[in-house]
Every structure is written in C-alpha cells, then in structure tokens.
Amino acid sequence: MFRRSASFAIAGLAMLGTASQTAAGGRAVECYEPVRTPDVYDTVYEDVMVSPPGQQVDYTPPIYGTRERVVMTVPAQVTYEVVPAVTRTVYRTVRVDGGGYSWEWRVIHGRKVLCKVWHKARYERVAETVVIQPERTRRVVIPAQYDRIAEEVLVRPEQRRIIDVPASYQTVTRRVLVREGSSGWRRVHIPRHCQD
C-alpha cells in the first residue's frame, strides 16, 4: 500500500512536471488524471434481541361454592315433672248409729217419766276419695332442634404456575462498509496529434 502510494506520488510529480513543461510550451509525454474509487457497502441481516428471556406467573384465583348442611342449634334436654295422683270419688253406705236402747225423759199423761226407748240402727251414704294411681315423678326428654345453614366452601384452591418466556428477536438490516474507496491516478492516452 505504501509502495503504491509512493508510485502515485511520483507519477503525480511527473505529471506536474509535464504540465509545467506543457504550459511552458514543451511536448506532453505522459498524462494522468486523478481518480477516486467509491466505498463498497453491503447489506447484512442480523437478529437483534428485542426483549430478554424472563418468567411470567400465571395466577388462577380460588373457586368457592355454597354447601347446605344440617346443624344442631339446641341440644336435647332432660327435665323432670311431677305427675299428680289419680283419684276417684266413691260412695258407700255406712252405719252412723248402731241403734239399741237408751233412756229418755218423756211426759206421759202429764207426768214426767223415764222411759227405756228402742232405736233402729241409722245409715248414711258418704263420699270417699280413693287413690287410683299415686303421685309420681316423670322424666321428660325434649328433643334437639336442628336447622339448615348455608356455608361457603372451597371448591378449588388458587393455582400459581411459572411460565418461562423466551427472549424475542427481530431481524434488522444495516449497511456495512466492505471496502473503503481509494484515491489515485490513472494514465490518460494522448493522441499523437496532441503531442506536438
């Protein structure tokens, strides 16, 4: 590269010398013109990461439902109560007076006399209460009370799942320099009639 630049520089000096001679009225032996080769570019395609890899949590909330069940609201109880006696009234005839003899003062024909008097037996109908069943204590069982209630129950618990998210890429294009342009000299052909 250095040798080529040196030769171009020498050629340039020679051309300048020639031009000076031509301007001075001399004859052109060799002529050169400056040339410039353009830069050479190419289009390249490359994948560029748009988002890095990561993790994502997939969350599903819990599901609840309603269930009905029977619960005891009041427990069973045992109490005792007194049952009064069962009675009945019966009637019967009883002898109130057995009768017989007794002494009584009486007035007979204006005279007060003591007499022995005969009496019949005397009976009366009387009522009597008879106990058929005596008083007793009875055990009483009060049954438990139940009721239906609705309660919330878990049908399915919450779920958490970790999902790996890969990185995402995008293809982009860009122009890259393949070869830089260069500057130099190119020899110019001079027709013979122009050399004089």
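Computed over protein heavy atoms with a 1.4 Å probe, the accessible surface of region 86-189 works out to 92 Å² per residue. Would you mind getting me the FRET efficiency between Gln170 and Ile190? Use the beta-carbon distance for r and R0 = 45 Å, nearest 0.05. According to the calculation, E is roughly 0.20. Using a simple spin-label model with pseudo-atoms 7 Å out from Cα toward Cβ, Arg160 and Arg69 lie 2.9 nm apart. Here's the picture: a label point sits 7 Å out from the Cα of Tyr91 along the beta-carbon direction, and within region 114-130 the residues with their amide nitrogen under 17 Å of it are 123-130. Extending 7 Å from Cα along the Cβ direction at Glu30 and again at Glu152 yields two label points whose distance is 10.1 nm.
For region 131-183, the carbon plus sulfur part of the accessible surface works out to 48%, probe radius 1.4 Å.
The values are calculated or read from the model by the stated rules, or taken from the named source; none is laboratory data. Everything quoted here is computed from the prediction, not taken from an experiment. Ideal geometry is used to build each Cβ from the backbone, glycine not excepted, and the neighbour counts take in all protein chains shown. For the accessible areas, the whole protein counts, side chains as well, though only heavy atoms, and no ligand, DNA or RNA atoms are used. Shrake-Rupley method; radii C 1.70, N 1.55, O 1.52, S 1.80 Å.
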